[in-house]
């Protein structure tokens with residue numbers, strides 16, 4: 001369509017006319033852009049810090065070492081799932097199947113873990129690989145179907161939500177698996193440098209994901225596709241590959257999440273993980289990633305997952321009931337989206 | 001503030017219908033309009049011109065209540081006019097045809113026309129009969145030959161534009177604002193539009209007409225106001241000025257080459273070498289006729305034709321952006337498949353689409369990211385981005401093409417149309433594409449930037465690039481090209497070489513070789529029912 005000379009255009013023209021000799025204008029703009037970006041990320045960070053401060057003074061035992069460990073353990077699974085979910089949402093998709101796929105991957109891995117005749121280290125290794133493979137296969141199916149036939153990923157993954165849940169139940173005919181090797185179960189409660197080992201795994205995944213998104217060609221194209229897929233395609237890129245890859249990454253994190261969840265619970269049950277998809281999406285959205293794709297960061301997702309976890313923990317310590325807690329959590333999600341849309345409008349006006 | 005008295009013209013004895021005094025609009029960090037005085041007399045068609053970013057759209061948005069002015073006053077028919085919302089403007093009798101379409105794609109043409117006041121029966125039920133009757137009459141008036149029950153999603157761009165105009169005319173108003181209404185129309189439709197505008201004027205409606213095409217202003221308008229950098233530079237009677245003067249006022253420095261057109265490069269190298277691109281019987285969209293032509297290095301070839309003649313489709317089919325039904329493509333004599341844009345790019349062929357905002361650029365991302373998007377291997381190692389290298393190479397291209405950007409991190413969204421187009425060109429030069437296909441490269445771009453892009457294309461041809469240009473403006477093609485292929489209904493209707501360039505001949509080929517039916521030469525052909533299909 002045609003160009004319009006909106007106020008933004010006017011601003012550009014004037015800024016440019018003034019450009020020679022007014023170096024400070026440009027640096028001021030750069031600084032304003034940096035400040036705005038900082039604000040975006042810091043907004044959620046400040047909210048998190050404020051919440052921690054409130055709970056530290058109001059909730060008994062909130063700052064105890066054992067409670068901190070507990071919070072970190074609680075947020076681990078959501079953090080892992082939200083990391084993969086961030087990739088999917090950045091390309092403008094959504095993955096509703098992660099909770100069910102987690103259960104399916106856990107059941108298959110559980111069977112491998114309990115298979116007779118394998119030495120324990122081999123069984124554990126094989127179980128981890130199986131879980132990851134199941135997760136990635138489901139992610140691939142999601143991404144391929146959504147991209148190849150142009151079906152909205154909302155629908156495809158809604159279907160997968162049911163398929164994977166059914167498959168998880170079918171694997172053992174709804175039986176729960178338990179009595180895994182001690183070496184495996186111990187990992188769920190192990191600590192390293194005073195932090196739960198499983199949380200450190202989640203943290204590592206966040207950092208790797210952040211590195212991929214910000215430092216690699218792959219990450220660059222994920223963002224670009226989320227903003228304008230057609231422009232990227234017409235620039236000579238295979239957008240199909242990147243869209244499928246985002247879902248495969250989501251599946252990968254689900255596979256890792258399944259193993260870690262099993263280790264923590266020391267069981268594998270086909271009803272695991274229901275509703276996890278919504279927690280993961282909530283963490284991503286609270287973290288400032290746009291549901292339309294193309295905008296957001298894994299740092300935001302990390303803070304979003306922390307915020308959800310701290311909120312739940314603090315409310316429990318303050319003796320708030322389970323039902324009220326759900327109401328408050330829901331309110332926070334809505335509030336985050338309102339703030340985000342307000343922020344987007346503000347940014348548009350400032351440009 | 002620009003307070004020196006400026007020449008005024010086109011004023012009739014009666015008080016102006018619309019008068020703006022000292023209107024100012026600031027956005028954070030920028031003054032979009034600085035104390036603008038602007039008056040439109042009753043019964044006139046008043047042109048509003050200026051480069052992108054001059055403040056035309058801001059002025060229109062103030063008039064139609066999108067946002068309020070920060071200072072100054074507006075008077076409409078003698079009374080103070082302070083619209084707070086678009087509804088206020090509508091009630092005050094202001095009708096606007098925006099550049100961007102505001103149509104509801106899944107509703108019918110008729111429902112779009114009368115969306116805000118659908119005729120009812122018994123207060124509740126939709127009166128379809130009356131709706132379709134009134135729609136048919138209105139469609140006839142704007143020369144749009146479609147069934148009012150058609151869903152808008154099936155209409156082409158030009159048809160949508162006419163529909164927007166029909167929508168603005170569907171209720172009585174006293175001020176009609178047209179923002180670049182001709183950008184997507186063919187000469188025939190423009191002729192029809194001008195008739196409509198004149199009849200609207202005859203009915204006592206005042207018209208504000210925004211256009212980049214000076215020839216349209218000189219054909220249609222009574223008065224013209226020039227804006228530059230948010231200031232009113234001059235208001236003149238069209239009869240008392242010249243295109244050169246307007247361009248001079250708009251750009252602020254002599255840029256007459258925009259109108260002169262400049263000299264095209266010498267004829268390309270020897271024709272014995274294998275052509276850069278050879279297309280044979282290219283078929284698309286169930287079009288049974290094939291398009292065939294050769295494109296050599298160093299030459300600029302134009303593709304002319306009416307809307308729907310298959311110009312855009314030809315480019316997109318070559319590039320692999322859309323499905324091909326058949327035909328062969330040879331690159332330097334070798335048959336190539338080029339089924340996807342990725343393959344085409346690897347063969348050094350690129351396409352600058354007609355919608356740079358939708359398909360050419362990732363608007364919410366920085367200049368740097370957009371420029372390197374075509375070849376990230378140049379700015380990465382083992383899949384890792386090298387930001388410093390990226391910045392250096394981007395800066396080099398920005399300097400080379402003289403694209404005016406505040407910084408490499410500036411979002412492309414905030415650039416003017418001309419600079420956006422330069423970024424699109426730069427990204428393909430960065431990729432080192434040898435064959436450049438450009439679809440409407442200067443649409444919606446002001447005269448200054450247009451001349452720069454023409455110069456750039458000539459330079460690139462001299463450097464040996466093969467260039468294929470689609471344009472709806474025949475003068476643009478004749479100024480730029482070595483030869484022009486004319487398409488008509490999906491086939492080559494003829495080829496015109498530079499020595500034989502003649503607007504009338506090209507136009508008659510584009511219309512399917514009607515010999516005597518055409519009256520006027522140039523852009524303004526005899527208006528009639530448009531036979532284009534989207």
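Below is a table of values for the structure above.
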item: Flag for residue A:123 being more than 21 Å from residue A:76 (Cβ to Cβ) and in a helix (DSSP H, G or I); result: yes
item: Hits in segment A:210-227 (condition: buried (at least 22 other Cβ atoms within 10 Å of the Cβ) and either under 21 Å from residue A:149 (Cβ atoms) or more than 9 Å from chain B (Cβ to nearest Cβ) (or both)); result: A:222, A:225, A:226
item: Selection from segment B:32-62 of residues that are facing chain A (nearest Cβ under 8 Å) and over 23 Å from residue B:88 (Cα atoms); result: B:50, B:51, B:52, B:53, B:54
item: Matching entry among A:132, A:89, A:145 (being closer than 30 Å to residue A:224 by Cα and free of Cβ contacts under 8 Å to residues at least 40 places away in the same chain); result: A:145
item: Selected residue [closer than 29 Å to residue B:214 by Cβ, free of Cβ contacts under 8 Å to residues at least 60 places away in the same chain and more than 10 Å from every other protein chain (Cβ to nearest Cβ)] from B:450, B:422; result: B:422
item: Qualifying positions in segment B:376-390 - in contact with a helix residue (DSSP H, G or I) (Cβ under 7 Å, 6 or more places away or on another chain) and either within 9 Å of another protein chain (Cβ to nearest Cβ) or assigned to a strand (DSSP E or B) (or both); result: B:376, B:379, B:380, B:383, B:384, B:385
item: Options B:185, B:175; residue that is more than 14 Å from chain A (Cβ to nearest Cβ) and either surrounded by fewer than 23 Cβ atoms within 10 Å (Cβ to Cβ) or over 16 Å from the mean Cα position of the chain (by Cα) (or both); result: B:175
item: Of the criteria (1) surrounded by 23 or more Cβ atoms within 10 Å (Cβ to Cβ); (2) touching a helix residue (DSSP H, G or I) at 6+ places or on another chain (Cβ under 9 Å); (3) at pLDDT 90 or above, which one residue B:46 fails; result: (2)
item: Hits in segment A:48-70 (condition: modelled with pLDDT of 90 or more, part of a loop (DSSP other than H, G, I, E, B) and surrounded by 14 or more Cβ atoms within 10 Å (Cβ to Cβ)); result: A:62
item: Segments classed as helices (runs of 4 or more DSSP H), wholly inside segment B:140-237, with at least 1 members that are out of contact with any helix residue (DSSP H, G or I) (no Cβ under 8 Å at 6 or more places or on another chain); result: B:157-169, B:187-202
item: Residue tally, condition surrounded by fewer than 21 Cβ atoms within 10 Å (Cβ to Cβ) and outside any helix (DSSP H, G or I), over segment A:270-294; result: 6
item: Filter result for the condition that a residue is surrounded by fewer than 24 Cβ atoms within 10 Å (Cβ to Cβ) and within 28 Å of residue A:297 (Cβ to Cβ), over A:86, A:73; result: A:73
item: Any hit, segment A:256-272, residues being on the phi > 0 side of the Ramachandran plot, more than 9 Å from chain B (Cβ to nearest Cβ) and touching a helix residue (DSSP H, G or I) at 6+ places or on another chain (Cβ under 8 Å); result: yes
item: Test: residue in segment A:304-316 that is modelled with pLDDT under 90, surrounded by fewer than 19 Cβ atoms within 10 Å (Cβ to Cβ) and more than 11 Å from the chain's Cα centre (by Cα); result: no
item: Any hit, segment B:101-113, residues being buried (at least 22 other Cβ atoms within 10 Å of the Cβ) and in a loop (DSSP other than H, G, I, E, B); result: no
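The values are calculated or read from the model by the stated rules, or taken from the named source; none is laboratory data. In this text, all values refer to a predicted model and were calculated from it rather than measured experimentally. Cβ atoms come from the backbone with ideal geometry, glycine included; neighbour counts cover every protein chain shown.
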